[in-house]
Amino acid sequence: MLRASQGFDLDGTLRDLPAPREDDVASLFAEYGLTDTLTLQFRSEWQRGLDAFADYEGLGPTEIGVRWQAWRDDHNAVALYVGYATPGEGRNAGYAAPGEGEGDWEARVLAGHSGTYEWLGGRAFIEAQAARRFRSGLPDEARGDLTLGVEAVDGWLMLTQVYGGQTLDGGEAAWLNGEVSVVRRLGDWSVQAGWREPVAGREAPAQRGLVLAIWRRF
């Protein structure tokens with residue numbers, strides 16, 4: 001449930017949009033371990049949105065990929081991911097009009113570290129991701145994500161996340177968003193609630209809003 005009344009211009013300055021922009025997204029994400037080091041990933045979305053130029057509702061991009069755990073010890077892990085996404089009727093990129101774009105490939109590297117730290121109050125982990133999205137019908141993208149998680153109380157996880165990216169090959173869009181959320185673990189279930197805020201950008205809406213998630217482990 002993301003809303004924006006302003007957007008970043010080419011210079012990164014916030015300007016009022018011609019009309020408020022609304023984007024509601026319901027995502028389905030699933031993982032299945034094929035082996036001890038190979039994991040199948042699937043993601044799909046249903047989107048509904050409204051702005052000064054479009055009023056849309058329909059299936060967003062659907063992505064399937066494989067993640068390979070390249071290395072791991074007691075506190076660190078490195079993995080590689082390759083996936084392919086088919087376009088949907090909704091926004092296949094946050095800066096593009098609904099329906100624009102064709103099939104995309106993504107290559108991603110993930111690195112994480114976990115441990116117990118008294119100065120953080122308990123168990124914690126940090127994960128960094130870097131990706132290149134090879135798009136058809138839209139500019140390629142470079143992306144980066146950073147997540148810090150702290151479990152100071154059993155069953156409660158505090159997450160601080162940053163998502164950023166920019167278009168390549170002459171594209172002018174760039175974005176940097178921050179998100180803070182709390183995850184409550186209830187047996188095999190987890191419930192997450194958070195808030196997303198824009199930090200910086202260029203040729204992108206300054207969207208903020210509530211983020212909710214329900215996770216189930218099998």
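The values are calculated or read from the model by the stated rules, or taken from the named source; none is laboratory data. Quantities reported herein were computed from a predicted structural model and do not represent experimental measurements. Here Cβ is always computed from backbone atoms with ideal geometry, including for glycine, and neighbour counts include all displayed protein chains. These area figures cover heavy atoms from the full protein model, side chains too; ligands, DNA and RNA do not enter into them. Shrake-Rupley method; radii C 1.70, N 1.55, O 1.52, S 1.80 Å.
Here are some residues: E127, E197. Which one is of a type in the set (D, E, K, R), open to solvent by 30 Å² or more (accessible area, probe 1.4 Å) and touching a His at 6+ places or on another chain (Cβ under 9 Å)?
On the way: E197 fails: touching a His at 6+ places or on another chain (Cβ under 9 Å).
Checking each option against the conditions leaves just E127.
In this structure, H113 does not qualify as in contact with a Gly (Cβ under 7 Å, 6 or more places away or on another chain), surrounded by fewer than 17 Cβ atoms within 10 Å (Cβ to Cβ) and over 28 Å from Q6 (Cα atoms). In the range 92-133, the qualifying residues are those that are in contact (Cβ under 8 Å) with a residue 24 or more places away in the chain and among the hydroxyl-bearing types (S, T, Y), and the one that is farthest from A204 (Cα to Cα) is S114. Evaluate the following for L10: is it more than 21 Å from the chain's Cα centre (by Cα), aliphatic (A, V, I, L, M), at negative phi and surrounded by fewer than 17 Cβ atoms within 10 Å (Cβ to Cβ)? Here the answer is yes, as L10 does meet what is asked. Every test in (1) open to solvent by 30 Å² or more (accessible area, probe 1.4 Å); (2) touching a Lys or Arg at 6+ places or on another chain (Cβ under 9 Å); (3) at pLDDT 95 or above; (4) of a type in the set (G, A, S) is passed by G149 save one, and that test is (1). The set of residues in the range 66-117 that are among the acidic types (D, E) and closer than 30 Å to V150 by Cβ comprises D73, D74, E106.
Checking the conditions here, which among E57, E106, E45 is open to solvent by 80 Å² or more (accessible area, probe 1.4 Å) and acidic (D, E)?
Values: E106 fails: open to solvent by 80 Å² or more (accessible area, probe 1.4 Å); E45 fails: open to solvent by 80 Å² or more (accessible area, probe 1.4 Å).
Only one candidate qualifies: E57.
Restricting attention to the range 8-54, the residues being over 20 Å from V211 (Cα atoms), assigned to a strand (DSSP E or B) and touching a residue at least 40 places away in the same chain (Cβ under 8 Å) number 4. Among the residues making up the range 60-103, those that are part of a strand (DSSP E or B) and open to solvent by 70 Å² or more (accessible area, probe 1.4 Å) are I64, W68, W71, R72, L80, V82, Y84. Filtering the range 88-111 to residues that are farther than 13 Å from A173 by Cβ and of a type in the set (F, W, Y) leaves only W105.
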